[in-house]
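Student: My structure is below; once you've seen it, I'll send some questions.
The values are calculated or read from the model by the stated rules, or taken from the named source; none is laboratory data. What you see is a predicted model; the values in this text were computed from it and never measured. Please note: Cβ atoms are built from the backbone with ideal geometry, for glycine as well, and neighbour counts cover all protein chains shown. Quick note on the areas: whole protein, heavy atoms, side chains included, nothing else; ligands and nucleic acids left out. Shrake-Rupley method; radii C 1.70, N 1.55, O 1.52, S 1.80 Å.
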Amino acid sequence: TQLLEQSPQFLSIQEGENLTVYCNSSSVFSSLQWYRQEPGEGPVLLVTVVTGGEVKKLKRLTFQFGDARKDSSLHITAAQPGDTGLYLCAGAQGAGSYQLTFGKGTKLSVIP
Amino acid sequence: DVKVTQSSRYLVKRTGEKVFLECVQDMDHENMFWYRQDPGLGLRLIYFSYDVKMKEKGDIPEGYSVSREKKERFSLILESASTNQTSMYLCASSSEGLSSYNEQFFGPGTRLTVL
């Protein structure tokens, strides 16, 4: 069974602070995705990383895929209240596999 | 704009009732999925389908069945609802195209309460 461990589980920070969320596994993934889910809504895809060592930026969000494609991180600079939500990482096995392995998520609260 | 819609946002049912949750996607995706999401347990896959009339069990299929008669529509059926099926139900779809990385697109979810 492949697992994706996310840490921390909960994070409460003040507006303007920086934070990093981690997603770790002992398994190799062909790609890894990050989603954000707001309360009462479905997850929304933020980014997909594919290549080991890849870094992608989405405004104040920076996503990195580990060199060995077993782990990933999400860094948010100068967090805003609008960043509040559940952040989920999900790994794909590759060709022939339809499923994703999801982490349990990091619940972020940004206090104004 | 990609779109996955679910028939209800909130649903309240009684124990023993038959419950239908419907999901429609307009992206011509081959794959469709049903998950439930519970605090502390994350997203758990119930069933998925990779083609019309095809279905595969996920991690927690007990107490559920599914139907996929058309490519765009995937239904989740609770034959006899029980209180432990109270949960948030999420439908998702994904493409099998060469440029796909198995990214899934989710509907808004159905919050089901079984009394």
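Student: Evaluate the distance, in nm, between pseudo-label points positioned 7 Å from the Cα of B:M27 and of A:T77 along their respective Cα→Cβ axes.
Tutor: The modelled label-to-label distance comes out at 2.9 nm.
Student: Run through the stretch B:32-96 and list the GluC sites (Glu not before Pro) located in a DSSP loop whose Cβ has at most 10 other Cβ atoms within 10 Å.
Tutor: Passing sites in the stretch B:32-96 are B:E62.
Student: Heavy-atom accessible area per residue, chain A, 1.4 Å probe: how many Å²?
Tutor: Here the residues of chain A average 48 Å² of exposed surface.
Student: Based on alpha-carbon atoms only, what is the radius of gyration of chain A relative to the globular estimate 2.2 N^0.38 Å?
Tutor: In units of the globular-protein estimate, chain A measures up at 1.02.
Student: Roughly how many Å is it from the Cα centre of the stretch B:39-115 to that of the stretch A:55-86, as a whole number?
Tutor: Centre-to-centre distance over Cα atoms comes out at 27 Å.
Student: Taking all protein chains in place and a 1.4 Å probe, what share, in percent, of the accessible surface of the protein assembly as shown do carbon and sulfur account for?
Tutor: Roughly 49 percent of what the probe reaches on the protein assembly as shown is carbon or sulfur.
Student: Using a probe radius of 1.4 Å on heavy atoms only, what accessible surface per residue do you get for the stretch B:1-102? Whole Å² is fine.
Tutor: 52 Å²
Student: Run the numbers on the stretch A:11-111 and let me know its relative contact order in percent, using alpha-carbon pairs under 8 Å that are six or more apart.
Tutor: Details: 241 pairs, mean separation 35.9, N = 101.
After rounding, I find 36 percent.
Student: Interface size between chain A and chain B, please: total buried accessible area, 1.4 Å probe, rounded to the nearest 100 Å². Don't skip to the answer; put the middle values down first.
Tutor: Numbers: alone 6240 and 6580 Å², together 11050 Å².
By this definition, chains A and B bury close to 1800 Å².
Student: Additional query: Looking at the stretch A:1-80, which trypsin sites (Lys or Arg not before Pro) are in a loop (DSSP not H, G, I, E or B) and have at most 14 other Cβ atoms within 10 Å?
Tutor: Filter output for the stretch A:1-80: A:K59, A:R60.
Student: Here's something else I'd like to know. Go ahead and run the numbers for FRET between B:E72 and A:S30, Cβ-Cβ distance against an R0 of 45 Å, rounding to 0.05.
Tutor: Computed FRET efficiency for B:E72 and A:S30 comes out at 0.95.
Student: In a Gaussian network model over chain A where Cα atoms closer than 10 Å are linked, find which of A:G82, A:G91, A:G66 has the largest mean-square fluctuation.
Tutor: The residue that fluctuates most here is A:G82.
Student: Further question: Need the per-residue list for the stretch B:27-67: every residue with at least 40 Å² less accessible surface in the complex of protein chains than in the chain by itself, probe 1.4 Å, sorted by number.
Tutor: Buried by 40 Å² or more upon assembly, which counts only protein chains, are B:Q37, B:L43, B:F48.
Student: Suppose we compare each residue of the stretch B:76-115 in its chain alone and in the full protein complex with a 1.4 Å probe; which ones drop by at least 40 Å² of accessible area?
Tutor: Residues losing area: B:Y101, B:N102, B:E103, B:Q104, B:F106.
Student: While we're looking at this one, here's another question. Across peptide A:43-49, what mean number of C-beta atoms from other chains lies inside 10 Å of a residue's C-beta?
Tutor: Mean shielding by partner chains, rounded to a whole number: 3.
Student: Moving on. With +1 on the Cβ of every Lys and Arg and -1 on the Cβ of every Asp and Glu, and nothing else charged, how large is the dipole of the stretch A:11-111 about its Cα centre, in debye rounded to the nearest 20?
Tutor: Magnitude of the dipole: close to 160 debye.
Student: Where in the stretch A:97-112 does accessible area fall by at least 50 Å² between the isolated chain and the complete protein assembly, at a 1.4 Å probe radius?
Tutor: A:Y98, A:Q99, A:F102, A:K104
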